[in-house]
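Report on the structure given below.
Coordinate-derived values only; no laboratory data. Source: prediction; values computed, not measured. Cβ sites come from the backbone with ideal geometry, for glycine too, and all protein chains shown count toward neighbours.
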Amino acid sequence: MAEIKAIVLRAAGINCDMETEYALELAGAEARRVHINRIIEDKTMLNDFQIIVFPGGFSYGDDVAAGKILANQVVHHLSEAVEKFIDDGKLVLGICNGFQVLVKTGILPGDGKELATEGTENTEKERVSKTDNQFLTITYNDSGKFEDRWVYLAPQSERCVFVEPGRRIYLPIAHAEGKVVTKDEATLTELKSEGRVAFKYVDKDGEEGGYPVNPNGSTESIAGLTDATGRVLGLMPHPERFVRATQHPRWTRRENGVDADGMTIFNNAVKYVRENL
Amino acid sequence: MSQWRFEVFNRSGFADVHGQSVLDDIGELGIELVEAVQSAKVFLIEAEFDKDFAGRVAKELLCDPVCEEYFIGRSKAPASLAKATLIEVHLKSGVTDPVAQSVMAALADMGVKADNVRTARKYLLLGEIKRSQADMIAKRVLANDCIEDCVVGDEAEPPSPHLKPYELEVVHWPITDLDDEGLEALSKDKDLFLNLIEMQTIQKHYRDFGREPTDVELETLAQTWSEHCVHKTLKSSVDMELWHGLPAREDTAKMAVPQQVRFDNLLKDTVFRATKELDKDWCISVFADNAGVIEFDEDSAVCFKVETHNHPSALDPYGGSATGIGGVIRDPMGTGMGARPIANTDIFCFGEPDKKLDEIPKGVLHPRRIMKGVVAGVRDYGNRMGIPTVNGAIYFDDRYMANPLVYCGNIGIMDKDKCFKNPQAGNLIVMVGGRIGRDGIHGATFSSGEMTHEHETIFSHAVQIGNPITEKKMLDVLVQANEAGLYEAITDCGAGGLSSAVGEMGQELGAEVDLEKAPLKYGGLNYTEIWISEAQERMVIAVKRENLAAIQKIFDDENVESTVVGRFTADKKLILRYNGQQVGELDMEFLHNGVPKYSRKAVWETPELTEPSIPEKDDYNGELLEILSSYNVASKEWVIRQYDHEVQGGSVVKPLTGVCNDGPSDGAVIQPKLDSSRGLAISCGMNPVYGDIDPYWMALAGIEEAIRNIVCVGGRVDRIAILDNYCWGDCTRPETLGPLVRASQACYDGAMAFGTPFISGKDSLNNVFACEDGKRISIPSTLLISAISIVDDIGKCVTMDAKKASNVLFIVGLTEDELGGSHYYKIKGELGANVPKLDLATAPKIASKIAEAIAAGLVASCHDCSEGGLAVALAEMAFAGGLGIEADLRGLPKSKDCRRSDAQLFSESNSRYIVEVEPDNYNAFAKLMLNLPFGQIGKVTEEKTLIIKSEDGKKIIESDIESLKNAWQRTFDW
């Protein structure tokens, strides 16, 4: 069996790369943090990896909008490479700022067709024009401010390889721009019918609710999205911040079942690669 | 070259959260005529592209396709809106604009090189407001005069960003022939903040030298000799006159003759002395580098530094606090060969936020605006740096209204074999990170002086604007360069910019600097400005010539600018050149050791205070609720949640804890190495009101509180290191210096009693505000103690929330009649006299035994009993745990004079811990506490009620925990 290799993308202002690398290694992958400049210099390096993670942080200070400048960089320099990565059946995970980047590049929610290179002469332009068709975005929390708090997540997708169906998980969020909004009702209906919603914010009993159960006012409590392949996941909460029992906010209460829920996402990714690639 | 203007608005149907928050702030100003606020982002781009491409820039880069829409050009207020006012806020030219830099980079990704990008904010206010009200809104809510210009209406263009290029002209400031008056005038005219003795010393030096100083030489001396940089006051010799206030528990009978105490060097004789005498082998570097360094484990060391950024935060709360945290992060980064930052702390002092506008002195921002701005600044910088902000406190007192205190701390981790620098002659001086601008000129001298109502206009240039991403990028590459061993020394460009960084690093060597080589944000800076600018996000490293190419590749690879600006020499001279022409030459010896030594007078007279007479009652529920709601005690969740306290994945004990994740933790614990179960406990202690009674006891209370908070979460008691941060008034006044001396004496006594060395410290003096009418407002004497310790096994940490019904509650430590300076007296409008007096013999024993009990796994929860006393501590434990508590004051160990119920409930006697113990561990715990003052105070109950019975069996407190929690949370439910 080949080694499972994960690449954790670094860029100016990305700041969750070390703990993300650690989580991947706990899950059994060999993880490497690589600056985006190195990938742009040598796009073929992605061939060596089966998982790419866009970690959390404030890429380029979240200037203009969260994840926007990095998304612009990916669109103009790496769109083909990332599309190929997905077409090759590999996995893409975007956490927090990484999720924002995936949405702002159009990789999420994606529609399968968009992601395929169509051999046009000017692929970059082609990619770019797709922002015209971006029907979904992530914007400011209703509260108007950054918040760090723990949330329960209910899986919605049967198909997303990162997600363990039926298992409610508990993770922290830490963001100011995490509200998923769609341009219109039709987009929302489509997202749901096509199973693109990966996670919803719920309370500890699994029910949707208002603030702070839904910490940012996200449409229909959407916390994470997947694409048509189920091999791309973006989510606002931070699975890499709950890989050990002592990270749970109430671990000192010694309640039953303090499992490191964040590991499920990394474990599932590694398991998928092991079994399928 | 064409200039394009883009405006980006929220699409209707999508909430304009910025507009809404501005509207809320306008409401808080008392202007109710504004019905709605729409905000827009404005981008001004100078670049060669056509209209089609402009459309792409708008669509693909600047505007969110879902929730925003754009307009290219200048949009007018809709004609249908007769009652609309347009206000645009632009950064003053020269002020750093991080968004503009990112847009430039993004345009480059799109294939266009822009010549200039600027950003602005535009507000459309709907409602019938007068021009004067618009101006007030602009000034009070939308913009800050120091860094921003407001343009009201829709016609005016923002000022041009272009500055004239600089042509070299060497300027001399003749000094040798001046008389005393002339010397003082020169110091004042040039904002040097040098006093007459210092000016005379400099004059003599130049007379001996036989020439006149250049401007840059005097500026360098002023920076290096500033209070901010050399701490003249704390290092001066002090003659202290003590009037019946002795640093021990003695009777206070009026003395006929004062006691005289002399210190040759105040700091050396108190704070340093304790560290020296304790001589702990785990202290690696103390009071020597940018931060104090202690051992963490076999391979690693950690360093800790706390700084203040008070004056800048008073003028520009957001920028001031952001650069405060940004600056202190660079201290560990510049300690030894550079540490990686792993945690931030922040402690603020503000005026009470409910002040009416007419209660605010002229030239002072409203405390609520200061608080919001300061929190936002720390939040945005700390979060963007990816450093968890894990511990802090906020203290309110109206004497902080004009001089808010903003303490920012940072902890870093480093290899144990890289704790010292080794710059050598011949090393290249390399500046890394951001570019130099006019921002932050005279910051060191400015922060050493007194503030006045005119400061806002005069010292706007001392305000600095941070760009955390520049600092984060710099950190990322410096960590790699350090691992590769490619530099010999590193330090930060702190107050004084290059002048302090190069001056300090080259102190034992000598240095030559070619100032024209330093990269600038924009043209027009003269050599002095380049040398002393405090433009942020820069470090200086010493690099061997043969390593230059390799280290610059690391920097270039991640788009971090680095420039060789000079080299270190061996002649102990500092030579400054511009385009090859010498513009300054200073003796390192004179620069660093020439500052005259001061002798100062201090006096302390114990104030004649009395205890108030407050009738005793049978019901203290009202008082408890009022204290829980009071600003100092109330929940700071609104602040804490805005900080990312979990990034880096090392969170163990979070600032908020308990069954609903919202109880107040005593201290924080982090796990700096993800693969090791060793942790760091971090805490702080501070109580300025005690200083109004006696700063000696205030300082001891602060030290003990910080230690207690470490112990409460499971930190080792024998590995605690502490930091001192003095914020004081005008210490040239003997009656202001007296309290500082007393606090310093307490620092020595406290450190020795606990075996707890000081490893770093800093002072900020002259926190005085001169009002327009000449009245001077001084802050209360404020000493912050920060503490750090090792946790052997994070799995044994405990938190303060009550865990389980039927568990037993003990209190360890004696309760005395010590309501002086308490929150109970505060809500009654009293100060009192009986300030809590630390028992130096017993307190360390208690701390050790509690730590032992926690390490032995005997403790279910542990909470320090401090602000608000026993009643508040029990209430917090109960509601944090979602359980009830039944307590009985008969079980309380108390002194003979502590008979009254209110004293028993609310006294703030030091070194008291409330400990929850499982019934099975009862005997083991009690056995450990033998010979200490301790008692069983009650038990945890299933009924969600806090009941406290008085000694005669009356339920003097009976309240459901929801009401208590609600009282505690509603104050800052912003």
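Counting Lys and Arg as +1 and Asp and Glu as -1 over every other residue whose Cβ lies under 14 Å from the Cβ of B:Ile554, the net charge comes to -2. Counting only other chain Cβ atoms within 10 Å of each residue's Cβ, the peptide A:235-242 averages 2. Shown for A:Thr20, B:Thr732: other C-beta atoms within 10 Å of each C-beta, ranked fewest to most, produce the order B:Thr732, A:Thr20.
Using a ≥ b ≥ c from the Cα gyration tensor of segment B:24-96 (square roots of the eigenvalues), is it rounded, prolate or oblate, where a/c under 1.5 gives rounded and otherwise the larger of a/b and b/c decides, a/b for prolate?
Prolate shape, in that a/c is at least 1.5 and a/b is the bigger ratio.
Residues A:Thr189, B:Thr782, A:Thr105, ranked from the fewest to the most other C-beta atoms within 10 Å, line up as A:Thr189, A:Thr105, B:Thr782. The separation of segment B:537-575 from segment B:900-966, counted between C-alpha centres, amounts to 60 Å.
Across the residues of A:5-15, average count of Cβ atoms on other protein chains within 10 Å?
Neighbouring Cβ atoms belonging to other protein chains average 4 per residue here.
Taking amide H as placed 1.01 Å from N in the peptide plane, the amide H of B:Asn834 sits under 5 Å from that of B:Leu819, B:Gly820, each at least 5 places away or on another chain. Size of segment A:5-276 from its Cα atoms: along the principal axes, largest to smallest, the extents are 59, 41, 34 Å.
From the square roots a ≥ b ≥ c of the eigenvalues of the alpha-carbon gyration tensor of segment B:819-951, which class results: rounded (a/c under 1.5), prolate (a/b over b/c), or oblate? Here segment B:819-951 falls in the oblate category.
To the nearest whole number, what is the average tally of beta carbon atoms from other chains within 10 Å of the beta carbons of peptide B:402-414?
If you average over the peptide's residues, the count of other-chain Cβ atoms is 0.
Derived scalar couplings between HN and Hα for segment B:186-196 equal 4, 4, 6, 4, 9, 6, 7, 6, 9, 8, 4 Hz in order, rounded to whole Hz, by the Karplus curve 6.51 cos²θ - 1.76 cosθ + 1.60 (θ = phi - 60°), x for Gly and Pro. For segment A:5-276, the relative contact order is 19 percent, taking Cα pairs closer than 8 Å that sit 6 or more residues apart in sequence and dividing their mean separation by the residue count. Of the cross-linked pairs B:Lys617/B:Lys803; B:Lys796/B:Lys837; B:Lys190/B:Lys235; A:Lys183/B:Lys59, those separated by over 20 Å at the C-alpha level are B:Lys617/B:Lys803; B:Lys796/B:Lys837; B:Lys190/B:Lys235.
Which of B:Trp638, B:Trp968 comes first, and how do the rest follow, when ranked by fewest Cβ neighbours within 10 Å? Don't skip to the end; give the middle numbers.
Details: B:Trp638 17, B:Trp968 28.
Least crowded to most crowded, the residues run B:Trp638, B:Trp968.
Taking a ≥ b ≥ c as the square roots of the eigenvalues of the alpha-carbon gyration tensor, segment B:777-870 is classed prolate because a/c is 1.5 or more and a/b outweighs b/c. Other residues within the sphere of radius under 14 Å centred on the Cβ of B:Ala535, judged by their own Cβ, net out at -3 (K and R +1, D and E -1). Based on DSSP H segments of at least four residues, each scored -39500 (n - 2.57), chain B has a per-residue ellipticity at 222 nm of -9000 deg cm²/dmol. Other residues within the sphere of radius under 15 Å centred on the Cβ of B:Gly182, judged by their own Cβ, net out at -4 (K and R +1, D and E -1).
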